[in-house]
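Heads up, the thing below is written out as structure tokens.
Just so you know, all these numbers are worked out from the coordinates, no wet-lab data involved. Note that this is a predicted model, so its numbers are computed, not measured. So basically every Cβ, Gly included, is an ideal-geometry build from the backbone, and we count neighbours across all protein chains shown.
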Amino acid sequence: MLKRDPNATQPKFIYLNRRHFLVKTIPLAAGALLLAACSPEITPIPPTRANDSPKPQPTAPPALAASEIPPALAHTTAFSNVTADELGDPLNNFEQITNYNNYYEFSLDKEGVAGAAKNFTTSPWFVEVAGMVNKPGTFSIEDIYKKFDQQEHVYRLRCVEAWSMVIPWVGMQLSDLLKVVEPKPEAKYVKFTTVMRLGEMPNQSTPILQWPYVEGLRLDEANNNLTILATGMYGQPLTKQQGAPIRLVIPWKYGFKSIKAIVRIELTDQPIDNTWRNAASNEYGFYANVNPQVDHPRWSQATERRIGEFGRRRTLMFNGYENQVASMYEGLDLQANF
Ligand code: MTE
């Protein structure tokens, strides 16, 4: 098992307290180093929260009025009533998925994100697609609903902190959008940027991370069938805390790659300096493929806590999507390229 920095383990509260102290006095990069991309869950197993149940039970989300559902999304709003992923593991319920979130622009408290994002404005919304493409364009969210097939995709989400959920997303394949804009032959990477909204996203006025939040994929990863732009969940439009109105979901990578509230997608030939790698390159890489054999310097990645379950389960290589994605990494040293 590779340990990049075996001496670095320390309880969450210590480095968070140090961060609060240091953020005022030191530059961004050093301050961000002390923050976890998702705070780690260090053994022993963290105390079970009050809303945890022994097994996640699929629960229907609160019904929306017809007027709250964008017309072009209406055909997806009939949730298929699937109850488990392809491995037979039950879906997390709507309450769990929407009340335990990472969205640092709003809050560092996972259970506080829903409240902090409540008044975030998600309409009107436009996504600019630019860079090395033959047909750049700006798409309104309504254009996106209309032009691109929105389907249900049940995926496991595995956070780098070692917790996970099973989520029934609604979304489109990113490759469908890329086909329309026609990447030029020299394009190698896709860069994604979250909206900058100082008036509504309080932490964008603090130096806890470099803003706006940025993520990136290699072009072949972006074109993989599993990679989606999600616009909904449980058959309804995405909630604000989940990154409404549109976010990325890449199920074989750690959750921090799944960037929320996207306003710009750029095709480029330059490697992408993604936010968490920029904050702490010894802890968070560009690839961020789920890999139980490569530990985070401060905690093990061999097991994870499925939200709603007691105990821990083994983490699967590529989060259980090995058959669909491993061929993209043939010949790549997965320990060096974490
Ligand atoms: N996107 C933005 N813009 N800001 C963030 O803080 N957090 C990431 C990712 N996308 C984050 C983000 C992390 S660390 C994770 S684990 C997932 O979102 C969490 O998604 P969820 O809240 O829907 O579970």
* To do: Could you work out the equivalent-ellipsoid semi-axes for region 31-329, taking the square root of 5 times each eigenvalue of the Cα gyration tensor, largest first, in whole Å?
  => 26, 23, 20
* FRET efficiency for Thr121 and Asp176, using Cβ-Cβ distance with R0 set to 35 Å, rounded to 0.05 -> 0.85
* Asked: Over 27 Å between Cα atoms, which of Lys146/Lys240; Lys146/Lys179; Lys179/Lys253; Lys147/Lys257; Lys135/Lys253 qualify?
  -> Lys135/Lys253
* If you add up the charges near Phe126, with Lys and Arg at +1 and Asp and Glu at -1, over every other residue whose beta carbon is less than 13 angstrom from its beta carbon, what do you get? -> -2
* Using modelled amide H (1.01 Å from N, peptide plane; none on Pro or chain starts), what sits under 5 Å from the amide H of Ala84, excluding residues fewer than 5 places away? -> Leu91
* To do: With a point put 7 Å past each Cα toward its Cβ, work out how far Gln293 is from Ala336 in nm, to one decimal.
  => 1.6 nm
* Sorted by packing (mean other beta-carbon atoms within 10 Å per residue), highest first, where do 85-92, 289-296, 206-213 land? -> 289-296, 206-213, 85-92
* By the gyration tensor of its Cα atoms, with a ≥ b ≥ c the square roots of the eigenvalues, what is the shape of region 235-338: rounded for a/c under 1.5, prolate for a/b over b/c, or oblate? -> oblate
* Structure fact -> Taking a ≥ b ≥ c as the square roots of the Cα gyration tensor eigenvalues, with a/c under 1.5 meaning rounded and otherwise prolate when a/b beats b/c or oblate if not, region 71-195 comes out prolate
* **Where labels lie 7 Å past Cα in the beta-carbon direction, separation of Asp109 and Asp149 in nm** => 4.4 nm
* Structure fact -> Length gained if Asn134 through Phe310 is fully extended, taking 0.36 nm per residue and subtracting the Cα-Cα distance, is 58.3 nm
